[in-house]
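The values are calculated or read from the model by the stated rules, or taken from the named source; none is laboratory data. Small disclaimer: the values here were computed from a predicted structure and weren't measured. Positions of Cβ are backbone-derived with ideal geometry, glycine not excepted, and every protein chain shown enters the neighbour counts. Heavy atoms of the whole protein, side chains included, go into the accessibility calculation; ligands, DNA and RNA do not. Shrake-Rupley method; radii C 1.70, N 1.55, O 1.52, S 1.80 Å.
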Number of protein chains: 4
Amino acid sequence: MTSLERCRQLLHLRNPLLANTLTEFYATCLLLFIGIGIVCQFELSNKSLNTWVQINFGWGFAIMFCVYTASKTSGGHLNPAISFMFYTLGKIPFSYVIAYSVAQTVGAFIGTALAFLVYYDQIWHTLGAERIAVGVNATATLFTSMPAPHVSNTIAFYDQFVGTGFLALFVIVVIDKRIDLHPSIHALLIGLLIAMIGMAFGMNVGYPINPARDLAPRIFAAMIGYGTEVFTYHNYYFWIPIVAPFFGATFAAWSFYIFVGFHIPDNEETVPLKSQLDL
Amino acid sequence: MTSLERCRQLLHLRNPLLANTLTEFYATCLLLFIGIGIVCQFELSNKSLNTWVQINFGWGFAIMFCVYTASKTSGGHLNPAISFMFYTLGKIPFSYVIAYSVAQTVGAFIGTALAFLVYYDQIWHTLGAERIAVGVNATATLFTSMPAPHVSNTIAFYDQFVGTGFLALFVIVVIDKRIDLHPSIHALLIGLLIAMIGMAFGMNVGYPINPARDLAPRIFAAMIGYGTEVFTYHNYYFWIPIVAPFFGATFAAWSFYIFVGFHIPDNEETVPLKSQLDL
Amino acid sequence: MTSLERCRQLLHLRNPLLANTLTEFYATCLLLFIGIGIVCQFELSNKSLNTWVQINFGWGFAIMFCVYTASKTSGGHLNPAISFMFYTLGKIPFSYVIAYSVAQTVGAFIGTALAFLVYYDQIWHTLGAERIAVGVNATATLFTSMPAPHVSNTIAFYDQFVGTGFLALFVIVVIDKRIDLHPSIHALLIGLLIAMIGMAFGMNVGYPINPARDLAPRIFAAMIGYGTEVFTYHNYYFWIPIVAPFFGATFAAWSFYIFVGFHIPDNEETVPLKSQLDL
Amino acid sequence: MTSLERCRQLLHLRNPLLANTLTEFYATCLLLFIGIGIVCQFELSNKSLNTWVQINFGWGFAIMFCVYTASKTSGGHLNPAISFMFYTLGKIPFSYVIAYSVAQTVGAFIGTALAFLVYYDQIWHTLGAERIAVGVNATATLFTSMPAPHVSNTIAFYDQFVGTGFLALFVIVVIDKRIDLHPSIHALLIGLLIAMIGMAFGMNVGYPINPARDLAPRIFAAMIGYGTEVFTYHNYYFWIPIVAPFFGATFAAWSFYIFVGFHIPDNEETVPLKSQLDL
């Protein structure tokens, strides 16, 4: 037996709520660690070392690896809205939604701080002592979403409803047992999904589509000098990427079942036309 | 039994024509919702938040997820020309082609409207009240294909014949039972195929290669103020991306069978050289 | 039985040399049809509709789909140097190398012509009647490789030796029966391989790494007005991407076997350390 | 029996230390051959033929193919820090770490030289006889990492600790037997991982995250005229990408086990919530 297996015997947690919540904490911390790093490299290099396509693929791959990491314990929600959506489908009890959401948010906060440290010298070099939350020279978007002035909060709400909706919808598709995709590529596809959402719905507010991902770095930004403007900006916009994702994720997941999922034949049914693609 | 399974029992449609048509409606709606979003983000950010490579991969991933969504009911044609091509191969009856084509076009229209709403503020901010269909400042390409003046309609027809031809040809390759690719990656490859077509045949008219994808947003554009010029432009070009794909898809699919597909050995045949790649 | 199966019975070729050669002709024709389209979109849009990354991925995906197309008949060499390399490994008789090479070159020529037609209006619009093979305004690189003046033919030879070497080496890795990758992703990986070679070894002469891909469009270019300069340029450079790939492919494939491939344990051997990655 | 199998019988090495070390030498040589080629194409074309995204994907694919190459002998560490991390997990004896590290470094040196030769004319054309290691016109970054002046060595150490940490962490995830991903995609995911690290942690020092990859080309650069400044620069920064990766890789791998890996249920355990993603 290797030393690794001996450590496992010593430390192995058998309580699924505890083990899964620990996973959600850890994986969301990693996600923000990587993701904030990507945004910092983009903004601080004046978009020369990263372009928008790397924001898309970088965040996608970050989600992918964090979901793989968590795939055999919690499953890798990393997002309170996704946890809530699974609750409405009867997959996890509500107590899990609470525990996961707290763990995700705390993890996101710590991940943000760890990434901030990587780019500490660069931020100081580029921004100096200034922490401008709002306006032409604002840099709070290093951490959290700040919509352009000409985007109304109504559209912003719809935008987050839609973005998180597509996330939830296609997550459901990818893991649906009747659609039956190989488990090894589930997280890979979810990573590409994140990239796609950023290409289609990233312009209005920057596709946070995750209450933990948006709130935790916003608190961090307020603490390191951006102040309360990150909350008051744009008529208290900050609650929108927290609330809208819950509605969007749940609505979209159920729409999939109503339009498609409920009608996928079980194997024992006669399916005269299912074979149309088996040339 | 979860609440999800109880809902399934209540709502499950057993009629394949009905279920599959509903799927084609839903998935094509999603496709245009995402796809028009991608183009809007590209054009409205003045190509800073998306570049051409994101048009390619974004549409590719959109197709990929919509095909996965539909893979176990209709199969995910999302394109009247592809449905017609499958009819010529004897895979679906002609009544299905009609039903699917209508559902795809209606779905495409609704998806366009939903995406338009996401970018409503941005469109108003950038374009104001102006809806210019034709000319240097034209923005109808947010929705539908408008060829450059120096591209003749003859070449445009050939372009759409070729583009849709490659789509159909490689769709057939990907799902061919003798080529035998793992079903879990069928839609992934079809997504990359869309990206490739945009890289090779996107310059003349912007690779619509799908009658429903081109016509439905064109009608929508006409309705929101671009007027009938979107139909009369370029000597009534609009019929070309509707008609050419049917010919291209069918021609290309059959060319594959004649040159390659018919000659793939069945397993029972002696295939002395097939093993040349099994090093 | 579908009409498709009836046609198959009628047209099915059982002679493997004939069927495989037909496949090599068809798939190489498709490859150049797509590939020349990609380069035209790149050059004729003044690098706005394609950038170098799309050259890389576009050609990669083109190879991928053409190899999938041919995977169950010829295997999809699409390249005389690869066919020759397989001959040196004892996988195909020499007569096949000859037949394949001719079919690949003829297919490449026809594919080039078909792509030229797609961009006929664009070429006329951009270049007018001028066909300049050499110099600052030269456009012969739409079709074939033309090295920069400061790259010597010695380095060009080494460049093509190296580029085709990496192609052959990793093709061998991907399909090696002891490395045992799932057949469904063989062509996908070969596509990414092409992209990678373009990122690493594309600067000197544009990574033709394929005698058929380079020679056939060069002949086509000479015929449409670029004249014999496409052959005489750079001290008769044109023979280098024809000859160097044969040496590079063969050398590299054998180097893999000598350094790694011959030492991969068979399953029955005791392999105490092979399991080091099975954590 | 083919000639290939006869050669195998003649040359087959049965000693795993010898065979695996030879593999590590060969595959790391290939890795640097490709990777230095990518950087040269980026820098020497003034970032027109490669952009940062191709640095990311190019190095990712290079790792991917080199790991596939080595997957059935040494497993493809290609990095002394990764070999050391596996030692701490009890997977390989310490003697292997020594042998692999030497082989990786020597291989990296030779690979650098082979890539230098490919771009010999281009380097001469662009740089002439000048070899400037430090300053605005420095070109030593063709070969090795040189941090910007405003990045402290403390942050550089943390940066390399973090970058190599993510590498090791997700390598462990990808190959974990309980997470159970299909072996055919292990190296593919590791390739995407490299790309992601470059998008998130590439700005401070250029993500060497590999002692062999950084040291060997630095020695090469010193030998071809850059001189000892590549070692003395930035207060002897050069030791940081050699030392920090060992700590980062080991720390991160164990953190994964403590937070997640040790708690993944074995199949025989009752796992009431593991099924939450099996919709």
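Before moving on, here are some points about what is shown:
- For the rotational copy relationship between D and A, the axis lies nearest to a chain D beta carbon, identified with its distance in whole angstrom as D:53, 4.
- For region C:79-223, with +1 on Lys and Arg beta carbons and -1 on Asp and Glu, the positive-most of C:223, C:137, C:83 along the dipole: C:83
- Heavy atoms of residue A:2: accessible area, 1.4 Å probe, square angstrom to 10: 40
- Packing around the peptides A:68-76, A:151-159, taken as the average count of other Cβ atoms within 10 Å per residue, puts them in this order, highest first: A:68-76, A:151-159.
- Point-to-point label distance, residue A:258-residue C:132, nm (Cα→Cβ direction, 7 Å offset): 6.2
- Degrees between helix D:16-44 axis and first principal axis of chain D (Cα, 0 to 90, nearest 10): 50
- Counting protein heavy atoms only, region A:121-179 has 62 percent of its accessible area on carbon and sulfur, 1.4 angstrom probe.
- Rg/Rh ratio calculated on Cα atoms of chain C (Kirkwood radius): 1.01
- Within a Gaussian network of chain C (alpha carbon springs, distance under 10 Å), most fluctuating of C:103, C:200, C:148: C:200
- Between region D:87-103 and region D:6-74, the Cα center-to-center distance that results, in Å: 20
- To the nearest ten degrees, helix D:211-221 and the longest principal axis of the Cα atoms of chain D are 20 degrees apart.
- Chain C: relative contact order as a whole-number percent, Cα under 8 Å and 6+ apart: 25
- Of the solvent-accessible surface of region D:190-268, computed with a 1.4 Å probe over protein heavy atoms with every protein chain present, carbon and sulfur atoms account for 68 percent.
- The mean count of C-beta atoms from other chains within 10 Å of the C-beta of residues in A:82-94, rounded to a whole number, is 3.
- Cα shape, region B:101-155, gyration tensor, a/c 1.5 rule: oblate
- Look at the dipole of chain A built from charges on Cβ: of A:192, A:3, A:125, the Cα furthest out on the positive end belongs to A:3.
- Restraint check, C:177/D:72; A:72/A:177; C:91/C:177; A:72/B:177, Cα-Cα greater than 22 Å: A:72/B:177
- Chains B and C together bury roughly 5700 Å² of accessible surface, counting both sides and using a 1.4 Å probe on protein heavy atoms.
- Distances in nm from residue B:247 to the matching label points in the other copies, shortest first (labels 7 Å along Cα to Cβ): 4.9, 4.9, 7.0
- For the protein assembly as shown, the mean residue ellipticity at 222 nm estimated from helices alone is -21000 deg cm²/dmol, where every DSSP H run of n ≥ 4 contributes -39500 (n - 2.57) and the total is divided by all residues, rounded to the nearest 500.
- Loop-located chymotrypsin sites (Phe, Trp or Tyr not before Pro) across region B:13-61 with a Cβ neighbour count of 13 or fewer within 10 Å are lacking, with loop assigned by DSSP.
- Solvent-accessible area per residue for the protein assembly as shown (1.4 angstrom probe, square angstrom): 33
- Note on C:2-8: average number of Cβ atoms from other chains within 10 Å of each residue's Cβ is 5.
- Rg then Dmax, both in Å and based on the Cα atoms of region C:125-279: 19.9, 69.
- Rounded to the nearest 20 debye, dipole of region C:168-252 from Cβ charges on Lys, Arg, Asp, Glu: 100
- Rounded, prolate or oblate (a/c below 1.5 giving rounded, otherwise prolate when a/b exceeds b/c) for region C:1-128 by Cα gyration tensor: prolate
- Nearest-first distances (nm) between copies at residue B:47, label 7 Å from Cα via Cβ: 1.3, 1.3, 1.8
- Dipole check for region C:1-101: with +1 at the C-beta of Lys and Arg, -1 at the C-beta of Asp and Glu, and the Cα centre as origin, the magnitude is about 260 Debye.
- Inter-copy spacing of residue A:6 label points, which lie 7 Å from Cα along Cα→Cβ, given in nm from shortest upward: 5.2, 5.2, 7.4
- Residue B:98-residue B:18 pseudo-label distance in nm [points 7 Å out on the Cα-to-Cβ vector]: 1.9
- Relative to the longest principal axis of the Cα atoms of chain C, the long axis of helix C:94-118 lies at roughly 40 degrees.
- What you get for chain C, charging only the Cβ of Lys and Arg (+1) and of Asp and Glu (-1), is a dipole of about 440 debye around the Cα centre.
- Tensor-based shape of the protein assembly as shown (alpha-carbon gyration tensor, a/c under 1.5 rounded, otherwise prolate or oblate): rounded
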